[in-house]
Amino acid sequence: MLIERFVQMSWKKRYAVFVEMFVIFVFCASLLTSKAGINVFSALLVLYLIIRSIVDSSFRAQYYRFRLVQYSLCLYITGIVVSLLSLGGLASTGSYLTKSLFLVYLPFLSYLLNSKSNQKAAINGLLIGLVVALIYAFSNLHAIGISSWNGQRIESFWDIGRWGEILCYTLLFFTPIVASVKSIKIRLAMGVVFISALLMLVLSGTRGPLLAFSIVFFFYLLVFNRKVLPIVFFLILVGIVSIYFSNPGMFDAIFERVSSILNFDNQYSNLARLAMWEYALKFSFYNLVNEPSVFLFGVGLDNLFVPLSNYVDSVYGIEKMNSLVQQQFSYRDHHNTVLNLLNIMGFVYLLFCIVGVLLLLKHLCKLSPMDSKEQALAISSKLVLMSFLCIGIPYSNEMSYQTVVAIFFIFFGAQLTRVKK
């Protein structure tokens, strides 16, 4: 059906459709494999959006009426104004312009995914990107040797932290899609990829994404797919027993990593997080009382180190803090998305973000998909949003490449720019 429609188009229209599909395909594949790919093809999406906005009046009249587009642009512009008024000034504004550009091009990409051919290109790009990234991750594991593996954290094209977080979002995005596939062969093939990705999530050693995936995945099973819950528990049990008897060293390393999530006795990274959160709140309160403009508009992107260092040194002492948590205290971010937004971007911007999340949650709760495929994508959107919020508690994921991945998945499934036919 899609091929017939493509053949019937004029050559100009066919060229435009092909270019759209190609850009979307490579962008989606890049989400799991290439920082440069994301930069290049996001720039092309912005350029395409500008051109269509100028030359296509019907597109302009339709596209800019969507609430997602309006609010995203409003948030982007608010961030520019806030950055200009922050301590960082022009330097922080320059950082914000590039780091939050996804607020401009991801709503447009969501709009382009109204096309079935573009949806197919996006899904294929994601799957191919995931497979390539997993092959590279397994090659890294092979270089170490399974028998020699003793807790080393396995990464892929992304660094460890981003790799684990991106895997978490990708796994949860595809969970309802795999469950909705009717073809047994395709479901088995996707199942193998899914299990391989889950194994790599465990071997990445990223505790926050692993915990978020576990919570949200079992929420999905309890609410949307309860009939497979016993099967999943059985497979998990079989996997644990198999690893325990076949490779006790691997079992001990994984168990030690997972159990460290709740270790606040001698796990200094956990103790440092508690200290960072405590002093982030104290720093915010200090600004509210003594520096109202900094409280409202923040210290600015890439500008937290000096103000926070000075504050901690004045109230506690940097050397004393570093000794307390074994140099694990970070003065460049708070390892918490909400606290980062509060102190770096300011209370005004944080308030806009909270309103945006609440509006998105309201939309997802009221969403009524038209068919089983849309239903699966809608559930995917909810799962990724839940995991994004969970990971934002112990990690900073507000303006980075993994943010692009999460927001793309959320917009893809939420149908916020669905064109009614």
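The values are calculated or read from the model by the stated rules, or taken from the named source; none is laboratory data. These numbers come from a predicted model, not from an experiment. We place every Cβ from the backbone using ideal geometry, glycine too, and count neighbours over all the protein chains shown.
Here is how the numbers come out for the structure above:
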{"quantity": "Residues being touching a residue at least 40 places away in the same chain (Cβ under 8 Å) and part of a helix (DSSP H, G or I) - total across segment 32-71", "calculated": "13"}
{"quantity": "Test: residue in segment 294-303 that is free of Cβ contacts under 8 Å to residues at least 12 places away in the same chain and not small (Gly, Ala, Ser)", "calculated": "no"}
{"quantity": "Test: residue in segment 146-167 that is among the hydroxyl-bearing types (Ser, Thr, Tyr), more than 25 Å from residue 379 (Cβ to Cβ) and free of Cβ contacts under 8 Å to residues at least 24 places away in the same chain", "calculated": "yes"}
{"quantity": "Qualifying residues in segment 81-97 (those that are more than 14 Å from residue 341 (Cα to Cα) and β-branched (Val, Ile, Thr)) - the one nearest to the chain's Cα centre (by Cα)", "calculated": "93"}
{"quantity": "Leading residue by the ranking (nearest to the chain's Cα centre (by Cα)) among those in segment 98-142 that are buried (at least 17 other Cβ atoms within 10 Å of the Cβ) and not in a helix (DSSP H, G or I)", "calculated": "100"}
{"quantity": "Residues (under 15 Å from residue 346 (Cβ atoms) and polar (S, T, N, Q)) located in segment 52-104", "calculated": "78, 83, 86, 92, 93, 95, 100"}
{"quantity": "Unmet criterion (only one of (1) modelled with pLDDT of 95 or more; (2) under 18 Å from the mean Cα position of the chain (by Cα)) for residue 78", "calculated": "(2)"}
{"quantity": "From the options 301, 308, residue that is assigned to a helix (DSSP H, G or I) and buried (at least 18 other Cβ atoms within 10 Å of the Cβ)", "calculated": "308"}
{"quantity": "Qualifying residue in segment 198-208 (condition: of a type outside the set (Asp, Glu), more than 27 Å from residue 150 (Cα to Cα) and in a helix (DSSP H, G or I))", "calculated": "no"}
{"quantity": "Search result, residues across segment 241-287 that are farther than 17 Å from residue 150 by Cα, among the hydrophobic types (A, V, I, L, M, F, W, C) and in contact (Cβ under 8 Å) with a residue 40 or more places away in the chain", "calculated": "261, 271, 272, 275, 276, 277, 280, 281, 283"}
{"quantity": "Condition check for residue 283: more than 25 Å from the chain's Cα centre (by Cα), crowded, with 19+ Cβ neighbours inside 10 Å and closer than 20 Å to residue 325 by Cα", "calculated": "yes"}
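Residues are listed down the side, and each one gets a yes or a no for (1) surrounded by fewer than 16 Cβ atoms within 10 Å (Cβ to Cβ); (2) under 29 Å from residue 365 (Cβ atoms); (3) touching a Lys or Arg at 6+ places or on another chain (Cβ under 6 Å); (4) not β-branched (Val, Ile, Thr):
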| position | (1), (2), (3), (4) |
| --- | --- |
| 167 | no, yes, no, yes |
| 188 | yes, no, no, yes |
| 200 | no, no, no, yes |
| 235 | yes, no, no, yes |
| 245 | yes, no, no, yes |
| 260 | yes, no, no, yes |
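To keep it simple, each residue is scored yes or no on (1) at pLDDT 90 or above; (2) among the β-branched types (Val, Ile, Thr).
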position: 1; (1), (2): no, no
position: 12; (1), (2): no, no
position: 26; (1), (2): yes, yes
position: 29; (1), (2): yes, no
position: 32; (1), (2): yes, no
position: 36; (1), (2): yes, no
position: 39; (1), (2): yes, no
position: 55; (1), (2): no, yes
